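A.B. asks: Before I ask anything, here is the structure I am working with.
The values are calculated or read from the model by the stated rules, or taken from the named source; none is laboratory data. None of these values were measured; they are calculated from a predicted model. Using ideal geometry, Cβ is built from the backbone for each residue, glycine included, and neighbour counts are taken over all protein chains shown.
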Amino acid sequence: MSYPIRQVTMKRHKSNEGLGFSIRGGSEHGVGIYVSLVEPGSLAEKQGLRIGDQIMKVNDKVFDKVTHAEAVKVRDLVRSLVLSAL
Amino acid sequence: MDTESTYSGYSYYSGRSRGSHRHGERSRDRHKTRNKDSRSEKSVTINTPPAEPLLGDSAVRGEQVQDDNWGETTTAVTGTSEHSLSQEDIVRITKDLEDSVGLDCRRYFTLALAVILGLLVFLTPLAFLVLPHLLWPEKLQSCGTACEGLFISVAFKLLILLLAVWALFFRPPRAGLPRVFVFRALLAVLVLLFVVSYWLFYGVRILDSQDENYQGIVQYAVSLVDALLFIHYLAIVLLELRQLQPCFSVCVTRSTDGEIRHYNLGQLSIQRAALAILEHYYCDFPVNNPALLSASKSRAAKHLAGLKVYNVDGEFPAAPAEGPGNNAAAAGLVHSQSRAMIAAAARRRDTSHNELYYEEAEHERRVRKRKARLVVAVEEAFTHIKRMQEEEQKKAPGDVMDPREAAQAIFPSMARALQKYLRTTKQQHCHSMESIQQHLAFCITNNMTPKAFLESYLTPGPTLQYSRDHWRARQWTLISEASVTSGLKDGSIFLLKCVDFSLVVTTKKIPYIQMSEEYIDPKSHKFVLRLQSETSV
C-alpha cells in the first residue's frame, strides 16, 4: 500500500537553528531515512512532520539510497528545505 | 659515634687526590700515574713475568699506551729507564705517607671523639646509681621493691640502647666525605648538651645536698635512659628515614661518552647525594672505555688542523685605528675571515660525514664476523670438557683435572678468536689473560654454557665487574657552586670529577601529585547494541 507523498517546506531563520526532528536509517542499514523524533514546539512539528515519516526528497535530492551521514550533511548545506514526506 | 672520614687500607689510591688544591701538579700526576699503572707493575715485579694487560702481545700494548696518552700528555713521555720510574715511585710513596698520616689523624680524632661520647653516655646512668652508695651509704634509704624493679628496667633499657647504637653507628665507613656530616654533628652536640645538663642537675641537687631518697635518684637515672632512647629515635629519623621518600629525580651524565642514568633520591645534602650516585654509578654504568673515543678525537683533530687563514692583502690591523671608518674596516676584515673559515669548514664536513658512515658500516661488519668466529670457537672448546661423575672419578684417576687446569687446557683453542674480537671492539685492555682464564674456570665449575661464558665479553659490564685496575677512579672530587652540606634543590647542578672523566648531575624536583577519586558503580556498566544511529536535524 503506498502512502500519499506530502510536501513540507521549512525555512530556517538562522543557519544554526535546528529543524527540530531526528532521523534514523540509511542505506548502510538497508532502509530509507525516517523521522524518529519530532521535538515539540519546533518548526517540524508546526509543519506537520510526524514520527514514522519517510523522507523521500530534499530540495530535489532524492533520498533513495543515501547513507545516514550523507543525509545529515544535506541538512547543513541548505537554509530552506523542501521535504517530501510520506 | 661517627666515622665519616676516609677509607681504611687504600692509602695507595687516597694519596692521589690529596693534592687537589695543587692543580698543576695534579694534572701532571695524572698523566704520570697513567703510565705508571701500566708500567709500575713491570718495575716492581722483577722476578716473575708481569701480568700482561693484553693477551700476550706486549708490543701492541706499548703502542696502545702511547695511543691513549698521545693527545693528552704535555710532557714528552720518552722510553724512560727503570731507574727514573722507580724514583718517581718513591717520591709518590713518600707523598702518600705524609698525606695518609693527615687522613688517619682526622679519622682517629673523630673515632676517639665518638668513643668518648659513647662511654660518657653509657656510664652516666650507672654513675648516677652507684655514686650515692659510695659517697653517703649510711644516710641512704634502702631500696624497696619498686626501686629494685627500676634497676631491671634501667638494665634492659641500657642493653637496648647499646644494641641500637651498635646497629646504627658502628658500621664500617662507606666513604670519606669532604665536609662534616651535619646531622651527625648536631646529634652529637645534642647528646653532649643533654648529658652535661643532667650531670649539672645531679651534681648540684643530689651530690651537694646528699639526697637520701634513693628511689628518686633511681627514677632520675631511668628518665635519663628514656631520654637517650628518644634521642636515638630522633637519630634514626634524621639519619635514615628522612631520605627514604623520593623527592628528586637526578640525571647523571658521563662526560666522555654521554651515558645517562636517572635515579630517585630523597632529601639529602649534596655530598650525601653524590655518595649515593657514586654507589649507583659503580653498579649501573658500563665501564668507561677511552679507546672507544679515539675515532671522534681524530675527527676533531682533522677539523681543526685542516684550515688556515692567509691574509693576502696586507698586515693585520693590530693597532687601534683612528676614526670610525678604520674601525669598521678592521672589524669587517676580521668578520670576513671568520666567515670564510666557517664556510670552508662547513663544506669540509660534507665529506667527513660520508667517511664516518662507511667506516661505521665496515666496523659493524667486522665485529659481527669476528663475533661469529668467536662463538664457534668457544662452543667447540667447551665440547672438549666433560664433567666427571663421582663413580668415574674412582675408576680413572689418570686424566682428572681440577677446573683451573681444565680451563688452561681448553683456553688456547679459543684464545686467538677471543683476542681478535676484543681488539676489534677495543676492549683488550679491560681483560687480562689471567682474568679470562679465571672466568673460564669459574664457568666450567658452575656448569655454564659457552654463551654464558661469552656474555661478559660481548657487552661491557659495570665498572665493578672488572679487575681492580679499573677501579682507579675511587678518588672523586665534588665540584659544586652551592655548599656541599646544603640540601638538594630543584635545578641544582654539580660535578663529580675523577681522573679520566666527570659525571654531570642535574636535579629536578618530583612534582606534587594531586589525585582525586571517581567512583564507578559496578552495576553502571550497561551496553546496548547500536543498530542505527539517530541524528537530530
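A.B. asks: Just give me the residues in the range B:431-482 being touching a Leu at 6+ places or on another chain (Cβ under 8 Å) and in a loop (DSSP other than H, G, I, E, B), in sequence order.
C.D. replies: Scanning the range B:431-482 gives B:431, B:432, B:476.
A.B. asks: Additional query: Those residues that are surrounded by 16 or more Cβ atoms within 10 Å (Cβ to Cβ) and part of a strand (DSSP E or B), I need them from the range B:262-275; list them, please.
C.D. replies: B:263, B:265, B:269, listed by residue number.
A.B. asks: Mind checking which residues of the range B:144-174 are under 23 Å from residue B:280 (Cα atoms) and crowded, with 17+ Cβ neighbours inside 10 Å?
C.D. replies: B:169
A.B. asks: Is it the case, given these coordinates, that residue B:420 is assigned to a loop (DSSP other than H, G, I, E, B), at pLDDT 90 or above and of a type in the set (D, E, K, R)?
C.D. replies: no
A.B. asks: Mind telling me which of the residues B:508, B:523 ends up being farther than 30 Å from residue B:413 by Cα, in a helix (DSSP H, G or I) and more than 14 Å from chain A (Cβ to nearest Cβ)?
C.D. replies: One residue alone meets the criteria, B:523.
A.B. asks: Moving on to the next point. Quick check on residue B:362: is it at pLDDT 75 or above and either part of a helix (DSSP H, G or I) or surrounded by 10 or more Cβ atoms within 10 Å (Cβ to Cβ) (or both)?
C.D. replies: Answer is yes for this residue.
A.B. asks: Report the residue count in the range B:126-151 for those that are farther than 24 Å from residue B:199 by Cβ and hydrophobic (A, V, I, L, M, F, W, C).
C.D. replies: Matching residues across the range B:126-151 total 1.
A.B. asks: What do you reckon, is residue B:492 more than 20 Å from the chain's Cα centre (by Cα), under 30 Å from residue B:183 (Cα atoms) and at pLDDT 90 or above?
C.D. replies: Against the criterion (more than 20 Å from the chain's Cα centre (by Cα), under 30 Å from residue B:183 (Cα atoms) and at pLDDT 90 or above), residue B:492 does not qualify.
A.B. asks: Of all the residues that make up the range B:179-211, how many are assigned to a loop (DSSP other than H, G, I, E, B) and loosely packed, with under 14 Cβ neighbours inside 10 Å?
C.D. replies: The total comes to 3.
A.B. asks: Confirm whether residue A:23 is free of Cβ contacts under 8 Å to residues at least 60 places away in the same chain, more than 10 Å from chain B (Cβ to nearest Cβ) and β-branched (Val, Ile, Thr).
C.D. replies: The answer is no for residue A:23.
A.B. asks: Of all residues in the range B:283-296, which are farther than 16 Å from residue B:497 by Cβ and in a helix (DSSP H, G or I)?
C.D. replies: Within the range B:283-296, B:283, B:284, B:291, B:292, B:293, B:294, B:295, B:296 meet the criteria.
A.B. asks: Moving on. Identify, by number, the condition in (1) without any contact (Cβ under 8 Å) to a residue 24 or more places away in the chain; (2) out of contact with any Asp or Glu (no Cβ under 8 Å at 6 or more places or on another chain) that residue B:493 doesn't meet.
C.D. replies: Evaluating residue B:493 over (1) without any contact (Cβ under 8 Å) to a residue 24 or more places away in the chain; (2) out of contact with any Asp or Glu (no Cβ under 8 Å at 6 or more places or on another chain) leaves (2) as the failure.
A.B. asks: Do the conditions hold for residue B:242, that is, is it among the basic types (Lys, Arg), under 30 Å from residue B:476 (Cβ atoms) and modelled with pLDDT under 95?
C.D. replies: In short, yes.
A.B. asks: Among the residues of the range A:39-74, what is the count of those that are within 11 Å of chain B (Cβ to nearest Cβ), surrounded by fewer than 19 Cβ atoms within 10 Å (Cβ to Cβ) and within 11 Å of the chain's Cα centre (by Cα)?
C.D. replies: Residues in the range A:39-74 being within 11 Å of chain B (Cβ to nearest Cβ), surrounded by fewer than 19 Cβ atoms within 10 Å (Cβ to Cβ) and within 11 Å of the chain's Cα centre (by Cα): 2 in total.
A.B. asks: Of all residues in the range B:227-259, how many are without any contact (Cβ under 8 Å) to a residue 40 or more places away in the chain, farther than 26 Å from residue B:169 by Cβ and either in contact with a Lys or Arg (Cβ under 8 Å, 6 or more places away or on another chain) or of a type in the set (Asp, Glu) (or both)?
C.D. replies: 2
Condition check ((1) more than 30 Å from residue B:464 (Cβ to Cβ); (2) of a type in the set (Lys, Arg); (3) surrounded by fewer than 14 Cβ atoms within 10 Å (Cβ to Cβ); (4) at pLDDT below 85) across all residues:
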| site | (1), (2), (3), (4) |
| --- | --- |
| B:277 | no, no, no, no |
| B:306 | yes, no, yes, yes |
| B:311 | yes, no, yes, yes |
| B:329 | yes, no, yes, yes |
| B:349 | yes, yes, yes, yes |
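A.B. asks: So for the range B:151-166 (the condition being part of a loop (DSSP other than H, G, I, E, B) and within 21 Å of residue B:119 (Cβ to Cβ)), does at least one residue qualify?
C.D. replies: Looking for residues that are part of a loop (DSSP other than H, G, I, E, B) and within 21 Å of residue B:119 (Cβ to Cβ), one finds none in the range B:151-166, hence no.
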